[in-house]
Amino acid sequence: QLVESGGGSVQAGGSLTLSCAASGRTFSTYAMGWFRQAPGKEREIVAAITSSGRNTYYTDSVKGRFTISRDNAKNTLYLQMNSLKPDDSAVYYCAADVVFIKLRNSNPGNWGQGAQVTVSS
């Protein structure tokens, strides 16, 4: 089970940190990712991280602004979001799969319920 927290409303230029708490004892074996879906748009990958945390992927629009990280001892995934823009407004989803490429292909097997992020101009 994946449970997101940390969403909310912020002004443009502000920061938010999303967390995703995972249940179970196998968190460290899963690649993890963050996706987002804005109204009227398709869900898109934002960032992904391998099970060890050594490798990451970011979509171009968030490079340099967002940082994905994980704490395997705490079974928790994070997304630090800085310099937020109104276009970043969306429901953000945590996702997991044992196969990293399935996250890159936006087809992971496990999803959280989502957290709303709203950025006002």
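What follows draws every value from the coordinates through simple rules; no lab data is involved. Since this is a predicted model, take the numbers as computed values, not measurements. So basically every Cβ, Gly included, is an ideal-geometry build from the backbone, and we count neighbours across all protein chains shown.
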Cα-based Lys pair tally, the chain, threshold under 24 Å, eight or more apart or on separate chains: 6
Using the basic label-point model (7 angstrom from Cα toward the beta carbon), what is the Ser52 to Ser121 distance in nanometres? 4.4 nm
Taking a ≥ b ≥ c as the square roots of the Cα gyration tensor eigenvalues, with a/c under 1.5 meaning rounded and otherwise prolate when a/b beats b/c or oblate if not, the range 13-80 comes out prolate
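Over the chain, what is the relative contact order in percent, taking alpha-carbon pairs closer than 8 angstrom and at least six residues apart? Let's see the in-between values first.
Numbers: 297 pairs, mean separation 44.0, N = 121.
Computed over the chain, the figure is 36 percent.
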Convert each backbone phi in the range 47-61 into a coupling constant with the Karplus relation 6.51 cos²θ - 1.76 cosθ + 1.60 (shift: θ = phi - 60°), then list the ³J(HN,Hα) values in order as whole Hz, x for Gly and Pro. 7, 9, 9, 6, 4, 7, x, 6, 10, 10, 9, 10, 5, 4, 5
